[in-house]
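The values are calculated or read from the model by the stated rules, or taken from the named source; none is laboratory data. The structure displayed is predicted, hence computed values, not measured ones. All Cβ positions, even for glycine, are placed from backbone atoms using ideal geometry, and neighbour counts span all protein chains on display. The protein model used for the area step is the full one, side chains on, heavy atoms only, and it has no ligands, DNA or RNA in it. Shrake-Rupley method; radii C 1.70, N 1.55, O 1.52, S 1.80 Å.
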Amino acid sequence: MCGRLQNQTAIVTGSSTGIGRAIAHRFAAEGADVVTNSRSEERANETAAEIEATGGNAVGVAADVTDYDAVRSLVEATVDSFGGVDIMVNNAGVTTVKPTEELTAEDWRRVIDVDLTGVFFGAQAAGEYMIEAETGGAILNISSIMGELGLHKRAPYCSAKGGVNNLTRTLAVEWAKHDIYVNALAPGFIKTEITDQTQEAADYTDEDIQKRTPLGEFGTLEEMAECALFLVSRNNYVTGEVLHADGGWSAYGWGYGDR
Ligand code: NAD
């Protein structure tokens, strides 16, 4: 198999579903050896098996991204399986939809732990390996348009994603000398388990989102994988960037659309 990620090894966290799964498939189709990940070994292996069935190379490794040691083991298992790590995609994420005055400490910690601390653990473990191995590499953190915008009932999520954006910029500056590119992808609204849960809890419809989005549609998983591929390619002078892939949502100041 040949492609744009030939001879590269990529880890994608939270890749048993949604955007992470689509990125894992696309990277494998571009020739990368891919480590798929989920908290459950069975689910990590499922995505790996799908990739293998289409002619790609993949192994599944279970790890909870909030567990420092487990994330270190994820990187070690990748090196054991494929001889290195060139690309780390910190994709795993959760959200909560609750008015701030009703949030518990546990609600807050759960989202910050997965969406911000998990990204830090993944970036640090992969970055350390890349520095030590002197190979350079690419780290891609999956953020959200909510990293730049406030939205009611999303205080932990907006805070975590805002943190991801500035962690991304900081690591890009710090690790440029090691030839490590660090970028973030900030999707708008893409149909996945997260959007289904949040839409139900937040009480808005598909039509509300389509109306507010200048391009008039949800983004697709394939479009997110295409953006991810660009951001890990290391042939484009792009580092420290937060790419908004949102159909114009965050460019649009007026509020509710004219569609
Ligand atoms: P998803 O729920 O399908 O994917 C999230 C994945 O993360 C799941 O597979 C889940 O099992 C995994 N995960 C959760 N906690 C984990 C943990 N502690 N350790 C390991 N894995 C864990 O939803 P998605 O939309 O594909 O989300 C992927 C990323 O995209 C998230 O970071 C999310 O915040 C971001 N995002 C999604 C949208 C959207 O519209 N879908 C928009 C903006 C940002």
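Structural remarks
- Enumeration of residues in segment 138-160 that are under 19 Å from VAL232 (Cβ atoms) and either of a type in the set (A, V, I, L, M) or out of contact with any strand residue (DSSP E or B) (no Cβ under 7 Å at 6 or more places or on another chain) (or both): ALA138, ILE139, LEU140, ILE142
- Just one of the listed residues (ILE131, ILE139) is assigned to a strand (DSSP E or B) and either of a type in the set (Val, Ile, Thr) or within 16 Å of the ligand (Cβ to nearest atom) (or both), and it is ILE139.
- The requirement of being surrounded by fewer than 17 Cβ atoms within 10 Å (Cβ to Cβ) and either among the basic types (Lys, Arg) or touching a strand residue (DSSP E or B) at 6+ places or on another chain (Cβ under 7 Å) (or both) is satisfied by ARG4.
- Selection over segment 146-176 of residues that are assigned to a helix (DSSP H, G or I) and open to solvent by 60 Å² or more (accessible area, probe 1.4 Å) gives a count of 5.
- Selection from segment 37-53 of residues that are in contact with a strand residue (DSSP E or B) (Cβ under 9 Å, 6 or more places away or on another chain) and more than 16 Å from the ligand (Cβ to nearest atom): GLU52
- Within segment 8-36, the residues that satisfy the criterion of being open to solvent by 10 Å² or more (accessible area, probe 1.4 Å), under 13 Å from ALA58 (Cα atoms) and more than 7 Å from the ligand (Cβ to nearest atom) are GLN8, ARG21, HIS25, ARG26, ALA29, GLU30, GLY31, ASP33.
- Members of segment 200-219 that are under 16 Å from GLY93 (Cβ atoms) and within 12 Å of the ligand (Cβ to nearest atom): GLY219
- Scope segment 206-217; condition open to solvent by 30 Å² or more (accessible area, probe 1.4 Å) and in a loop (DSSP other than H, G, I, E, B); matching residues: PRO214, LEU215, GLU217
- Count of residues meeting criterion [closer than 22 Å to ASP64 by Cβ and surrounded by fewer than 16 Cβ atoms within 10 Å (Cβ to Cβ)] in segment 108-139: 2
Conditions (1) hydrophobic (A, V, I, L, M, F, W, C); (2) at pLDDT 95 or above; (3) more than 21 Å from LEU74 (Cβ to Cβ), marked per residue:
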position: GLY127; (1), (2), (3): no, yes, no
position: ARG169; (1), (2), (3): no, yes, yes
position: VAL173; (1), (2), (3): yes, yes, yes
position: LEU185; (1), (2), (3): yes, yes, no
position: LYS211; (1), (2), (3): no, no, yes
position: PHE218; (1), (2), (3): yes, yes, yes
position: GLU222; (1), (2), (3): no, yes, yes
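- Scanning segment 130-141 turns up one or more residues that are modelled with pLDDT of 95 or more and within 30 Å of ALA202 (Cβ to Cβ).
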